[in-house]
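Enquirer: Sharing a structure, written as structure tokens. Questions coming.
The values are calculated or read from the model by the stated rules, or taken from the named source; none is laboratory data. Keep in mind that this is a model prediction, so the values were computed, not measured. For neighbour counting, all protein chains shown are included, and Cβ atoms are generated from backbone atoms with ideal geometry for every residue, glycine included.
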Amino acid sequence: MATFLGLEYSTWWFLVIGAVFTGYAILDGFDLGAGAVHLFFNKEESRRIALNAIGPVWDGNEVWLVIGGGALFAGFPAVYAAIFSAFYIPFILFLVALIFRAISIEFRSKEPMLWWRKMWDISYTVSSIILSLSLGLILGNVLIGLPLDAEGNYKGTTMDFLNPYSIMVSVTTLALFMMHGAIYLVMKTERRLYAKLTIIVKNTTIFFVISMLMLSFYTLLYVPHLSIRIKENPWLFVLPIIMVLSLANVTRRITQRRYRRAFLSSSFSISLLLILVAIELYPSLVVSTLNPAWSMTVKNASASEKSLGIMLIVAAIGVPLVGIYTSFVFWTFKGKVKLDETSY
Amino acid sequence: MDVEIWARIQFAFTIAFHYIYPPLSIGLGLCMVFMEGLYLKTGNKVYHNMTRFFTRIFGLIFGIGVATGIVMEFEFGTNWATYSKFVGDVFGSALAAEGIFAFALESGFLGVLLFGWNRVSPKVHFFSTIMVTLGSMFSAIWIVVANSWQQTPAGYHIVGEGLKTRAEIVDFWAMVFNPSSVTRVMHVWIGSFLAGSLFVMSIAAWYLIKKKHIDFAQRAFKIGLMVALISSYTQLFYGSKSADIVEKYQPAKLAAMEGHYDTLSKAHMYLVGWVNKTKETTTGIYIPGGLSFMIHQDFNTPVRGLKSFPAEDRPTSPNIVFQSYHIMIIIGMLLIGLTTLAAFLLWKKKLFEKKWLMIVFVWAVALPQIANQTGWYTAETGRQPWVVYGLLRTSHALSQSVTKNQVIFSLVLFTAVYVLLFILFIYLLNKKILHGPEGEGESVHNPRQQEMTEVFSEHKEETGLQKNKDEEIEREID
């Protein structure tokens, strides 16, 4: 396979997919988290402000999932086929939650009745929680590996997904998004709602730290293959250290009320978490629990060199463009939320 | 019934439902570009209100389009894993390009289009409207390119065997510009313009009948009519060009479209008819030798019929192909007639007096929708039994690990959700239309001033003023 800057195309594409999913976790992470804490606000006005804080950007954030899915389809068709057909029921539920979330945001403001708005508020929070949990569930299962046969067909049952490890990853993901989303909302709100959110940020941070600690212990004790690379290359241990420091910085910035920096810190922590995942998984994308030789790796599951080369060009042109107009949109809507007649 | 049928029903249902929305956003987007352009040019407030009124509806349509569209992307992997592995190398790059070049563009600028009225200058807002429309049109390009590759594959070679067989890309541009893609992209775009413009005309016509918002409605109707008139004539050209390509690359599909079984005789062109698959005959009203004439410009030259293909390579339901194709054609002709008549009456300055015509236009919103749907039924059922024409059979494309119960479960779930979604959509759309374009606020186009206040408030924050205030409030809450 051809190389670029010393790395094979397939490895580059592994990195691109990793970067897109990291972008997705940071961007959609905050609006999923904002949805998950939505019912903590009691007043109609608070709920409207919280909703409008993500209003102009949530759609753009969700696009990263579409790009991620497309990138996986394009770069590693076999992995895409294996994962999506294996996680049949979780993905279907994920899609239904995705639809409900989109229409909750869109439909809520269209009627003034109290029951109407309450109904969509509940649907918004529940679907945001389901989405965060199922993303975590899928990640957890990918981390411990799937019972795949030599052809990449799933050999387990639907209930196999609900194993303790994946459930822990799932809860941790929810906690992470809730913290991240609450910090984002703090950044976008003022006065009472702002004050209330600082309390929510504290609580969700505690929730996240506890679940992350439990998950880390569990990983070290029971899922040894997820720490092999760090054991072999001790200098990599610097990454988890930076991650813990960055998390500590989140709480520090919050007490300082430097919420923008807190948000950057929590985004940075998310990136580091996913970088750690990538380091431990590489070169596998999905480990087969039935036979290690059937695992899907960047070598045996990638698209052809030609196709990867074309798509690297596509990504090289496209990603900076997306970066530019994403920044433009965020810049346009920077500052505290002000409700007007175009708001939700 | 086996898994294949259920998976096909599921795909057909979810894609057909999804396809109500994207053509509407593309066509409505184009109309909105004209409306906002006129506002910038004339400064007339009515165009401002018009754009804002349709922007709200656009948001509703777009939201459902996105949500139901992600389902499609995932369904390739969940139900059609073997297909995904087969086409991934070729198809994936088109899909990835769609996400990154088109979808990100439209979704990014959508925020500014919907919520940016008071945040950016009129020109920047107009730019965002154009970007959203372009984004949705680019989306159509990549998706139709991918589908056209399934109809007329090019720029690939086949590697591996058995379940591991897959198509690998050899020439990217040959894949993108495969024989049918350009014509089909145009065909889809114009179909979308028709969907959007007749949608605008339908709402306007309803106001005119109810004698409400007269000035708004007349101007909106004219914008819609201009788009629809040009589109309906160009569609005639691209439609027949599309049929020529089908004749050349997918002769079995063409034979099914026209219900043509016997190769030896001259081929008739049916206006209406019924295809009997078991008896291998077609009955109906026809122009003798019409198909021969269309293809070969000669009434007596034979055209290859269905009987000349092995039974396992013929479209599985020729009557569906035939009927949907004919419905599409009839609607295409109706639209040409309707828009021409309306344009003629407009020129004679009598258009808005003809109440009966306005009533027709209220309902005509369904015509392009039906034509778009039936057009795709023709393309997709006509391609059967292949999912990638001549290379991969639909029956071989399924996921190996997915069971019938899983597919039925998800189909039931999607049906329930989509029915609910459609009811809510119609209800909210109706409400917005009843509410009308009145009562739109002024757009405050002074972003710079606003920015200054923001900078000022940020400054306060830095100096700790805000901080003290917040602490006070927090104490109150505690």
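Enquirer: Report, by residue number, each residue of region B:69-110 that is within 7 Å of chain A (Cβ to nearest Cβ), farther than 27 Å from B:P153 by Cβ and not hydrophobic (A, V, I, L, M, F, W, C).
Expert: Hits for region B:69-110 are B:S107, B:G108.
Enquirer: Within region B:317-363, can you find the residues that are among the hydroxyl-bearing types (S, T, Y) and part of a helix (DSSP H, G or I)?
Expert: Selection gives B:S324, B:Y325, B:T339, B:T340.
Yes/no matrix, rows are residues, columns are (1) closer than 22 Å to B:S231 by Cα; (2) in contact with a Pro (Cβ under 8 Å, 6 or more places away or on another chain); (3) free of Cβ contacts under 8 Å to residues at least 40 places away in the same chain:
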{"residue": "B:F17", "(1), (2), (3)": "no, no, no"}
{"residue": "B:P22", "(1), (2), (3)": "yes, no, no"}
{"residue": "B:H48", "(1), (2), (3)": "no, no, no"}
{"residue": "B:L60", "(1), (2), (3)": "no, no, no"}
{"residue": "B:F91", "(1), (2), (3)": "no, no, no"}
{"residue": "B:F103", "(1), (2), (3)": "no, no, yes"}
{"residue": "B:L113", "(1), (2), (3)": "no, no, no"}
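Enquirer: While we're on this one: Would you confirm whether or not region A:237-253 contains a residue that is assigned to a helix (DSSP H, G or I), more than 20 Å from the chain's Cα centre (by Cα), crowded, with 19+ Cβ neighbours inside 10 Å and of a type in the set (A, V, I, L, M)?
Expert: Scanning region A:237-253 turns up no residue that is assigned to a helix (DSSP H, G or I), more than 20 Å from the chain's Cα centre (by Cα), crowded, with 19+ Cβ neighbours inside 10 Å and of a type in the set (A, V, I, L, M).
Enquirer: Checking A:V337 against (1) more than 9 Å from every other protein chain (Cβ to nearest Cβ); (2) surrounded by fewer than 16 Cβ atoms within 10 Å (Cβ to Cβ); (3) closer than 30 Å to A:E106 by Cα, only one condition comes out false. Which one?
Expert: Among (1) more than 9 Å from every other protein chain (Cβ to nearest Cβ); (2) surrounded by fewer than 16 Cβ atoms within 10 Å (Cβ to Cβ); (3) closer than 30 Å to A:E106 by Cα, the lone unmet condition for A:V337 is (2).
Enquirer: Write out, first by first residue and then by second, each pair whose Cβ atoms fall under 6 Å of each other, whose residues are 6+ apart or on separate chains, and whose first residue, in region A:229-247, is of a type in the set (A, V, I, L, M, F, W, C) while the second is outside any helix (DSSP H, G or I).
Expert: That search, which allows pairs on different chains as well, returns nothing.
Condition check ((1) modelled with pLDDT under 85; (2) more than 23 Å from the chain's Cα centre (by Cα)) across all residues:
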| residue | (1), (2) |
| --- | --- |
| A:V277 | no, no |
| A:S284 | yes, no |
| A:N291 | yes, yes |
| A:S307 | yes, yes |
| A:Y325 | yes, no |
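Enquirer: Does A:G152 satisfy the condition of being of a type outside the set (A, V, I, L, M) and at positive phi?
Expert: yes
Enquirer: While we're looking at this one, here's another question. Kindly provide the set of residues from region A:32-54 that are buried (at least 24 other Cβ atoms within 10 Å of the Cβ) and either in a loop (DSSP other than H, G, I, E, B) or within 12 Å of chain B (Cβ to nearest Cβ) (or both), ordered by number.
Expert: Passing the criteria: A:L51, A:A53, A:I54.
Enquirer: For region A:90-133, name all the residues that are surrounded by fewer than 22 Cβ atoms within 10 Å (Cβ to Cβ) and of a type in the set (G, A, S).
Expert: A:A97, A:S109, A:S123
Enquirer: Right, another one. Here are some conditions: (1) touching a residue at least 60 places away in the same chain (Cβ under 8 Å); (2) under 13 Å from the mean Cα position of the chain (by Cα). A:G23 meets all but one. Which one does it not meet?
Expert: Checking A:G23 against (1) touching a residue at least 60 places away in the same chain (Cβ under 8 Å); (2) under 13 Å from the mean Cα position of the chain (by Cα), the one that fails is (1).
Enquirer: Does at least one position in region B:88-111 carry a residue that is on the phi > 0 side of the Ramachandran plot and surrounded by fewer than 24 Cβ atoms within 10 Å (Cβ to Cβ)?
Expert: Checked against the condition, which is being on the phi > 0 side of the Ramachandran plot and surrounded by fewer than 24 Cβ atoms within 10 Å (Cβ to Cβ), region B:88-111 yields no hits at all.
Enquirer: Among the residues of region B:36-44, is there at least one that is touching a Phe, Trp or Tyr at 6+ places or on another chain (Cβ under 8 Å) and within 13 Å of another protein chain (Cβ to nearest Cβ)?
Expert: no
Enquirer: Can you tell me how many residues within region B:269-314 are among the β-branched types (V, I, T) and in contact (Cβ under 8 Å) with a residue 24 or more places away in the chain?
Expert: Residues in region B:269-314 being among the β-branched types (V, I, T) and in contact (Cβ under 8 Å) with a residue 24 or more places away in the chain: 6 in total.
Enquirer: Separate question: What are the pairs with Cβ atoms under 7 angstrom where one residue, in region A:163-179, is farther than 20 Å from A:T125 by Cα and the other, located anywhere, is among the aliphatic types (A, V, I, L, M) and outside any helix (DSSP H, G or I)? Sequence gap at least six, or different chains.
Expert: Qualifying pairs under 7 Å: A:Y165/A:V223.
Enquirer: I'd like to check which helices (runs of 4 or more DSSP H) are fully inside region A:66-182 and have at least 2 residues that are away from chain B (no Cβ under 14 Å) and at pLDDT 90 or above.
Expert: Ranges flagged: A:114-144.
Enquirer: Within region A:314-329, restricting attention to residues that are more than 9 Å from chain B (Cβ to nearest Cβ) and among the hydrophobic types (A, V, I, L, M, F, W, C), which residue is nearest to B:L105 (Cα to Cα)?
Expert: Filtering region A:314-329 for residues that are more than 9 Å from chain B (Cβ to nearest Cβ) and among the hydrophobic types (A, V, I, L, M, F, W, C), the one nearest to B:L105 (Cα to Cα) comes out as A:I324.
Enquirer: From B:G273, B:G284, B:G259, grab the single residue that is part of a loop (DSSP other than H, G, I, E, B) and touching a strand residue (DSSP E or B) at 6+ places or on another chain (Cβ under 6 Å).
Expert: Only one candidate qualifies: B:G259.
Enquirer: Select, from B:G259, B:G290, B:G337, B:G273, the only residue that is surrounded by fewer than 16 Cβ atoms within 10 Å (Cβ to Cβ) and either of a type in the set (S, T, N, Q) or under 31 Å from the mean Cα position of the chain (by Cα) (or both).
Expert: The unique qualifying residue is B:G337.
Enquirer: Something else: Do we find a residue being in contact (Cβ under 8 Å) with a residue 40 or more places away in the chain, in contact with a strand residue (DSSP E or B) (Cβ under 8 Å, 6 or more places away or on another chain), of a type in the set (A, V, I, L, M, F, W, C) and surrounded by fewer than 23 Cβ atoms within 10 Å (Cβ to Cβ) anywhere in region B:147-163?
Expert: Checked against the condition, which is being in contact (Cβ under 8 Å) with a residue 40 or more places away in the chain, in contact with a strand residue (DSSP E or B) (Cβ under 8 Å, 6 or more places away or on another chain), of a type in the set (A, V, I, L, M, F, W, C) and surrounded by fewer than 23 Cβ atoms within 10 Å (Cβ to Cβ), region B:147-163 yields at least one hit.
Enquirer: Return only the number of the condition from (1) under 19 Å from B:Q369 (Cα atoms); (2) aliphatic (A, V, I, L, M); (3) crowded, with 22+ Cβ neighbours inside 10 Å that B:M175 does not satisfy.
Expert: (1)
Enquirer: Which numbered condition in (1) of a type in the set (S, T, N, Q); (2) more than 13 Å from chain B (Cβ to nearest Cβ); (3) within 30 Å of A:E106 (Cβ to Cβ) is the only one that A:S284 fails?
Expert: (3)
Enquirer: Could you list, in sequence order, all residues of region A:45-69 that are of a type outside the set (V, I, T), closer than 16 Å to B:L113 by Cβ and under 16 Å from the mean Cα position of the chain (by Cα)?
Expert: Those that are of a type outside the set (V, I, T), closer than 16 Å to B:L113 by Cβ and under 16 Å from the mean Cα position of the chain (by Cα): A:W58, A:D59, A:G60.
Enquirer: Here is a further query. Tell me, please, whether a residue that is within 30 Å of B:F127 (Cβ to Cβ) and in contact (Cβ under 8 Å) with a residue 24 or more places away in the chain can be found in region A:290-311.
Expert: Checked region A:290-311: at least one residue is within 30 Å of B:F127 (Cβ to Cβ) and in contact (Cβ under 8 Å) with a residue 24 or more places away in the chain.
Enquirer: What number of residues within region B:117-141 are in contact with a Pro (Cβ under 9 Å, 6 or more places away or on another chain), surrounded by 23 or more Cβ atoms within 10 Å (Cβ to Cβ) and facing chain A (nearest Cβ under 10 Å)?
Expert: The qualifying residues number 1.
Enquirer: So, in region B:309-368, exactly how many residues are of a type in the set (G, A, S) and within 26 Å of B:Y286 (Cβ to Cβ)?
Expert: Residues meeting the conditions: 5.
Enquirer: Could you please let me know if B:G63 is under 15 Å from the mean Cα position of the chain (by Cα), within 12 Å of another protein chain (Cβ to nearest Cβ) and assigned to a helix (DSSP H, G or I)?
Expert: The answer is yes for B:G63.
Enquirer: So, in region B:390-413, exactly how many residues are away from chain A (no Cβ under 11 Å), aliphatic (A, V, I, L, M) and either outside any loop (DSSP other than H, G, I, E, B) or crowded, with 20+ Cβ neighbours inside 10 Å (or both)?
Expert: Residues meeting the conditions: 2.
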